[in-house]
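This report refers to the structure that appears directly beneath it.
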Amino acid sequence: MQVNETLNEGLKRTLEMRIPAAELSKKLDDKLNELKSTVNLKGFRPGKVPFAHMKKTYGRSVMGDVMQDAINVGVQSTLEERKEKAAMQPKIDLPEDEAILTKVFEGEADLEFSMSYEVLPEVKLGDFKKIKIERPTVEVDEADIQQQFDAIVEQNRPYEAKAEGEAAVEGDRLNIKFLGKVDGEPFEGGASDGSPLVIGSNQFIPGFEEQLVGLKVGDKKVVEVKFPDEYRAENLAGKDATFDVEVLGIEAAKDVAVDDEFAKGLGLESLDQLREMIKDQIGGQFKQLSATRVKRLVLDALDELHKFDVPSQLVEQEFKGIWDRVMHDIEHHGRSFEDEGTTEEKARAEYTAIAERRVRLGLVIAEIGNANDVQVTEEEHQQALIAEVQKYPGQEQQVYDYFRNNQQALAGLRAPIFEDKVVNYVVELADVEDKTVTKEELVKLVEESEEEDLEPHNHD
């Protein structure tokens, strides 16, 4: 194969390639000889079809496969010889002239084509010891423990049915049947044939529970509420709603003895052990929030430390994924770029920059992992799969089968594990200083870190 480079600008490459007709003819003959023993043609015994007849009958169709195989092999071997890795599948341009292609098919002309691609850039890693990280830490105080302790007591408080005809008061647990409506139409997830609700627990929408005070078993009432503007279901946020409520049962709270026997009922040995468990849980939550903040700081530092051109194809692909979500959100909420205080042109520029950052960080993280033998174990992969499956109660088997039958999705579970392990590796080398903050400050720092989707996408 003859190769001639015609473009080498930045990461872009174009090669003009030629496969001699003699080489293609030999490959064609070899392929036809392989098929000879399996072909059944009328008038000939199996394996006895004359080669010339085989070539006349199947030559053109088989030559198409031979050409494709030759191109694939040529592309792969050329990249290996040049010690280059294409960012995406190279673009192959064949001759458009049918007369030329016919001659190639008939073995009368060499196969000439061009191959265009972008190479993955060489990533020269910076000195991670120069990275300075301020890690926020929060001490678990007694008030946090007591708040969680009281919540556990309330969750395990015994109840007993109230006497017939008694009205519901604050603290009572009601069993209610309800049907929620917006603009007179029921909405998904807004109905139940029986749900427990403690008045004053703030479990339901603000203003809902207070309207149940004074009701008795068998009473029906239309409860009027308004969903909060920041409600998690976007289709309901900020909307007025009504609930047709029927009281099926009312129970009054009983006193609970908060002692070691209470703790034993929860499977623990003592109240001290319960408090220690609560302290560990809260501390774990704070550590997770701190790790989220540290990860963002590490990614920012890696982005600042590594400046190099990235393949435009990867940026375009990343941008498309981001932009599709942006447009979906805008259309779903019936808003415009002007409503968001920007223009489409400015938004495109901002999200292009985000896409470029994500691609660059993906390449950096991949290089850090490869250079330092960061591995995701099979056990870690399985744990990630189990955690994903458990997010869908009642659909566990379907979700498990989906991942098992979709290798790309299954491999996708490795990426965040790999990324976190690389971040931890960098943290071990960086100059990290712990700074004690309040839990409110920690939450604010994490919220600031999550304002934009700047997480990298690996391209290893």
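The values are calculated or read from the model by the stated rules, or taken from the named source; none is laboratory data. Computed from a prediction, not measured in an experiment: that's the story for all the values here. In this analysis, Cβ positions are derived from the backbone assuming ideal geometry, glycine residues included, and neighbour counts consider all displayed protein chains. SASA here: full protein model, heavy atoms, side chains in, ligands and nucleic acids out. Shrake-Rupley method; radii C 1.70, N 1.55, O 1.52, S 1.80 Å.
Couple of notes before you dig in:
- Nearest 10 degrees, 0 to 90: helix 51-82 Cα axis against the chain principal axis: 60 degrees
- A DSSP coil position with no more than 16 other Cβ atoms inside 10 Å describes the following trypsin sites (Lys or Arg not before Pro) in region 59-146: K83, K85, K124.
- Calculated mean residue ellipticity at 222 nm for the chain: -15500 deg cm²/dmol, from DSSP H runs with n ≥ 4 weighted as -39500 (n - 2.57), summed, divided by the residue count and rounded to 500.
- Set of lysines near K346 by C-alpha distance (under 29 Å), chain-local residues within fewer than 8 positions excluded: K12, K295, K307, K320, K444
- Gyration tensor verdict on region 299-413 (Cα atoms; rounded if a/c is under 1.5, prolate if a/b is larger than b/c, oblate otherwise): oblate
- When the Cα convex hull of region 221-329 is projected onto planes of every orientation, the mean area is 14.5 nm².
- Compared with the dominant Cα axis of the chain, that is its longest principal axis, helix 312-332 is turned about 40°.
- Region 349-458 - percent of accessible surface contributed by carbon and sulfur, probe 1.4 Å: 47 percent
- With the convex hull constructed from alpha-carbon coordinates only, the chain shows a mean projected area of 35.9 nm² over all directions.
- In plain terms, the chain from N4 to Q317 could stretch by 109.8 nm, reckoned as 0.36 nm per residue minus the Cα-Cα distance.
- Nearest-ten-degree value, helix 271-305 long axis tilted from longest Cα axis of the chain: 40 degrees
- Accessible area of region 86-129 belonging to carbon and sulfur atoms, whole % at 1.4 Å probe: 47 percent
- Accessible surface computed residue by residue for the chain, with neighbouring protein chains in place and a 1.4 Å probe, gives 61 Å² per residue.
- Taking Lys and Arg as +1 and Asp and Glu as -1, the other residues whose beta-carbon sits under 14 Å from that of R173 total -4.
- Net charge of Cβ neighbours under 9 Å - reference D244; Lys, Arg +1; Asp, Glu -1: +3
- Each Lys or Arg adds one and each Asp or Glu takes one away; over the other residues whose Cβ falls under 14 Å from the Cβ of V258, this sums to -3.
- Qualifying GluC sites (Glu not before Pro) in region 114-172, where qualification requires a DSSP coil assignment and no more than 13 other C-beta atoms within 10 Å, comprise E122, E139, E164, E166, E170.
- Under-14-angstrom lysine pairs by C-alpha in region 131-256, whenever the two are 8 or more apart or on separate chains: 9
- Stretched out straight at 0.36 nm per residue, the stretch from E350 to S270 would grow longer than its current Cα-Cα span by 23.3 nm.
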